[in-house]
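Just below is one structure, and these are the notes that go with it.
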Amino acid sequence: MIGHRFMGKVHSHAYRDLPFFFDLPVEPVLSDLAGRNEEELKAAADAMGWASYETDWRRLVERDDIDVIDIVTPNNTHAEMAIAAAEAGKHVICEKPLALSVSEAERMLEAVRKAGTVHMICHNYRFAPAVQYVKRLIEEGRLGRIYHIRAQYLQDWIMDPSFPLVWRLKKEVSGSGALGDIGSHILDLARFLVGEMDEVTGMMKTFIQERPLGEMSGGLNARTDRERSGQVDVDDAVAVMARFQNGALGVFEATRFAGGNRNGNRFEINGEKGSVRWDLENMNHLQVYFTEDEAGLQGFRTINCTEDVHPYAGAYWPPGHIIGYEHTFINLLAEFMRGIAGETAPTPDFEDGLQNQRVLEAVEESARTGTWVKVSRPGSLTGQ
Ligand SMILES: NC(=O)c1ccc[n+]([C@@H]2O[C@H](COP(=O)([O-])OP(=O)(O)OC[C@H]3O[C@@H](n4cnc5c(N)ncnc54)[C@H](O)[C@@H]3O)[C@@H](O)[C@H]2O)c1
């Protein structure tokens, strides 16, 4: 695994818990952790249960005894690492957003296709049992034709103007701001649950233009160098409207300036026969409404998605014994392992990552030009 801070800890934990809850045909072995600062890296490897560490990630890619490369580094490193890993015949799992641009994402997809190895992108929110259950309800036609999805990803961790200019606020490292960091998750959920988008229009805003320099220090915390400052060149907030190929309409908002919302990742879907509502901060619950319910008893009911019938929930505790954020990653990695064992072709994969990147790029173009922008066709690479 390359990278060892926020997502490094989340993924390490998930690999360790995976065999505890899932009976899988292959079992992950935490071999080597890569990073740049040896002292920090060694401490992280020891704390998170990795057998060894390497200060140059390229050495991991060259090794014959390593089968999987997991990329949990900033977005500007994903393409180089994933392509090198694929070319060396490794299975690759990469954090989101897949890349800085559509062209990078296309090269990544090309590389893994050529290698014939298993690839996934970590849109972990797909793997909450309640979200998987929504997918099932939609596929079974229980909501009928889908009219609307409205989704928000609301955070507030950079509202303080003295919060530093970390990598997530630099375009050359992150690609975009709230759009790629958290907007990518709700746009992925929309693709997963409702379908492909035909065209989008968006607006983007940077509220705080200049910040002191600084670095992420784990989780969403940072260290600040108050002596020097720099320019923010990514969006603090973005709003998107979308027309889906199946006729549904989408309205999305992603911002890190929604005071009081620490990690408000929410959606509501309305169909001709019913509606659903989900909120990550209350992730075991799903609110469901059916138009066929008897008059007088109509309204949203709240389901605790912890029964065996709810996907993945049965791997954990008895009904009502709730699970959390980290379990979405364990569930995702269970699919990755099944893919490596040859049982499935797990998704979301790099093709989903590429299509997500196309949506992100279309939103940016729309925000720049003030027009609706077509989202190009999924499943194809430019020139094919
Ligand atoms: N799925 C999710 O919900 C989720 C949540 C947070 C972050 N992410 C994604 O995970 C990735 C990492 O984010 P994070 O929050 O863990 O970042 P972070 O700043 O906490 O950690 C980044 C890690 O990458 C290492 N690193 C940076 N450049 C490197 C290089 N050139 N070579 C080797 N190591 C390098 C750093 O030393 C550090 O260990 C990003 O792509 C981010 O968008 C996903």
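Output the number of the condition that Phe252 fails; it satisfies all remaining conditions of (1) open to solvent by 30 Å² or more (accessible area, probe 1.4 Å); (2) closer than 28 Å to Val173 by Cβ. Just one mismatch for Phe252, condition (1). Given the criteria more than 16 Å from the ligand (Cβ to nearest atom), at pLDDT 95 or above and either touching a Pro at 6+ places or on another chain (Cβ under 7 Å) or not charged (D, E, K, R) (or both), does Gly89 qualify? Taking the combined requirement at face value, the residue satisfies it. The set of residues in the range 119-166 being part of a loop (DSSP other than H, G, I, E, B) and within 16 Å of the ligand (Cβ to nearest atom) consists of Cys122, His123, Ala128, Gln155, Asp156, Trp157, Ile158, Phe163, Pro164, Val166. Residues of the range 49-60 that are among the hydroxyl-bearing types (Ser, Thr, Tyr) and within 12 Å of the ligand (Cβ to nearest atom): Tyr53, Thr55.
The range 201-274 holds strands (runs of 3 or more DSSP E) entirely within its bounds, and those carrying 2 or more residues that are touching a Ser or Thr at 6+ places or on another chain (Cβ under 9 Å), at pLDDT 95 or above and closer than 12 Å to Leu165 by Cα map to 210-218. A single entry from Thr117, Thr55 fulfils the requirement of being farther than 29 Å from Gly247 by Cβ and open to solvent by 40 Å² or more (accessible area, probe 1.4 Å): Thr55.
For the condition in contact (Cβ under 8 Å) with a residue 40 or more places away in the chain, surrounded by fewer than 19 Cβ atoms within 10 Å (Cβ to Cβ) and acidic (Asp, Glu), what is the one hit in Asp17, Asp46? Selected residue: Asp17, the only one of Asp17, Asp46 that is in contact (Cβ under 8 Å) with a residue 40 or more places away in the chain, surrounded by fewer than 19 Cβ atoms within 10 Å (Cβ to Cβ) and acidic (Asp, Glu). Out of Val92, Val61, one residue alone is in contact with a His (Cβ under 6 Å, 6 or more places away or on another chain), β-branched (Val, Ile, Thr) and not in a loop (DSSP other than H, G, I, E, B). It is Val92.
Can you tell me which residue within the range 194-241, out of those that are among the β-branched types (Val, Ile, Thr) and open to solvent by 20 Å² or more (accessible area, probe 1.4 Å), is farthest from Val373 (Cα to Cα)?
Of everything passing the filter in the range 194-241, Thr224 is farthest from Val373 (Cα to Cα).
Filtering Val72, Val68, Val29, Val10 for residues that are buried (at least 17 other Cβ atoms within 10 Å of the Cβ) and away from the ligand (no atom under 11 Å from the Cβ) leaves a single hit, Val68. Against the definition (charged (D, E, K, R), surrounded by fewer than 17 Cβ atoms within 10 Å (Cβ to Cβ) and within 11 Å of the ligand (Cβ to nearest atom)), how does Arg63 come out, yes or no? So Arg63 does not fit the description; no. Can you pull out every residue in the range 51-63 that is more than 24 Å from the chain's Cα centre (by Cα) and aromatic (Phe, Trp, Tyr)? Scanning the range 51-63 gives a single hit, Tyr53. Scanning the range 92-108 for residues that are more than 14 Å from Asp349 (Cα to Cα) and either within 10 Å of the ligand (Cβ to nearest atom) or among the hydrophobic types (A, V, I, L, M, F, W, C) (or both) yields Leu100, Val102.
The values are calculated or read from the model by the stated rules, or taken from the named source; none is laboratory data. Because the structure is predicted, anything quoted here is derived from the model rather than measured. Note that each Cβ is placed from the backbone with ideal geometry, even for glycine, and that neighbours are counted across all protein chains shown. Keep in mind that these areas ignore ligands, DNA and RNA; they rest on the heavy atoms of the full protein, side chains included. Shrake-Rupley method; radii C 1.70, N 1.55, O 1.52, S 1.80 Å.
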